[in-house]
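Remarks on the structure that follows.
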Amino acid sequence: MEILIVEDEKKIADSLKKGLGELSYEVNVAYDGTMGEKMFAQQKYDLVILDINLPGINGIELCKIIRQQNKSVPVLMLTTFGSVPDKVEGFDAGADDYMVKPFSFDELIVRIRALLRRSQQENLPVGNLLQLADLEMNLDTKQVTRSGIVIPLTAKEFLLLEYLLRNKRRVVSRADIGEHVWNIDFDTNTNTIDVYINYLRKKIDKNFDPKLIHTQVGFGYIMKEHD
Ligand code: CA
């Protein structure tokens with residue numbers, strides 16, 4: 001989970017980064033609105049924590065810019081105590097939730113988890129179906145087909161394919177795969193992932209066109225229809 005914090009109060013920003021980092025969130029910090037806009041454009045985030053009073057572009061403006069680029073990323077706004085107009089403006093600009101400073105870290109975590117849970121559910125495909133070209137993966141029945149032909153997968157192959165498909169058209173590194181499909185302590189020095197990618201290729205790509213699993217040399221793997 002990647003979180004962007006845009007907050008000019010360095011002390012707050014840094015303690016949030018540290019606390020969230022300890023809970024295994026990947027956190028980047030921008031100390032002003034202009035930097036926040038740049039960082040948001042550069043990479044995909046799962047959640048944005050946005051202070052309202054910022055130098056450069058203020059939080060309300062930045063929230064509007066974020067919404068133009070991405071309708072679904074949850075935005076949690078930080079506002080100063082008693083500033084009701086801030087809250088209203090924040091929601092109007094597309095914020096999903098707000099917290100009044102000073103707040104407890106535990107309260108923030110509760111809100112973050114709720115927002116992430118909600119956005120993940122909303123992003124679930126209809127009928128729990130993941131799809132790319134003629135490849136279909138039904139998450140309810142655990143059935144995988146290509147051109148309507150059923151392809152039996154082991155549980156691990158299924159999990160790996162699910163992760164790749166959820167991130168289709170996006171490069172995922174071996175470290176990403178290790179962490180999400182195996183576990184957080186996965187030793188990326190072994191060739192386990194490459195072995196499983198080969199199993200998958202034999203099953204879903206070998207006898208079909210176009211090939212869907214591609215190696216991005218030096219980066220990892222990507223699932224897409226075209227080279
Ligand atoms: Ca501020």
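The values are calculated or read from the model by the stated rules, or taken from the named source; none is laboratory data. Keep in mind it's a predicted model, so treat the numbers as computed, not measured. With ideal geometry, Cβ positions are generated from the backbone for all residues, glycine too; neighbour counts draw on all protein chains shown. Keep in mind that these areas ignore ligands, DNA and RNA; they rest on the heavy atoms of the full protein, side chains included. Shrake-Rupley method; radii C 1.70, N 1.55, O 1.52, S 1.80 Å.
Values computed for the structure shown
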| read-out | value |
| --- | --- |
| Residue match in segment 10-25 (condition: away from the ligand (no atom under 12 Å from the Cβ), among the β-branched types (Val, Ile, Thr) and not in a loop (DSSP other than H, G, I, E, B)) | no |
| The listed residue being farther than 29 Å from Asn167 by Cβ, among the basic types (Lys, Arg) and more than 12 Å from the ligand (Cβ to nearest atom), out of Lys71, Lys44, Lys87 | Lys87 |
| Out of Ile66, Ile49, sole residue that is closer than 20 Å to Asp8 by Cβ, part of a helix (DSSP H, G or I) and open to solvent by less than 10 Å² (accessible area, probe 1.4 Å) | Ile66 |
| Condition check for Gly56: over 26 Å from Arg170 (Cα atoms) and open to solvent by less than 10 Å² (accessible area, probe 1.4 Å) | no |
| Tabulated pairs, segment 138-149, first among the charged types (D, E, K, R), second in a strand (DSSP E or B), C-beta under 8 angstrom, 6+ apart or interchain | Arg146/Leu135; Arg146/Glu136 |
| Those residues of segment 153-176 which are closer than 17 Å to Lys203 by Cβ, open to solvent by less than 60 Å² (accessible area, probe 1.4 Å) and out of contact with any Phe, Trp or Tyr (no Cβ under 9 Å at 6 or more places or on another chain), in sequence order | Phe158, Leu161, Glu162, Tyr163, Leu165 |
| Of residues in segment 177-219 being modelled with pLDDT under 90 and in contact with a Gly (Cβ under 7 Å, 6 or more places away or on another chain), the one surrounded by the most Cβ atoms within 10 Å (Cβ to Cβ) | Phe186 |
| Test result for Gly59, touching a helix residue (DSSP H, G or I) at 6+ places or on another chain (Cβ under 9 Å), of a type in the set (Gly, Ala, Ser) and within 16 Å of the ligand (Cβ to nearest atom) | yes |
| Residue check for Gly33: within 16 Å of the ligand (Cβ to nearest atom), open to solvent by 30 Å² or more (accessible area, probe 1.4 Å), touching a helix residue (DSSP H, G or I) at 6+ places or on another chain (Cβ under 7 Å) and of a type in the set (Gly, Ala, Ser) | no |
| Which numbered condition Gly148 fails, given (1) surrounded by 17 or more Cβ atoms within 10 Å (Cβ to Cβ); (2) on the phi > 0 side of the Ramachandran plot | (1) |
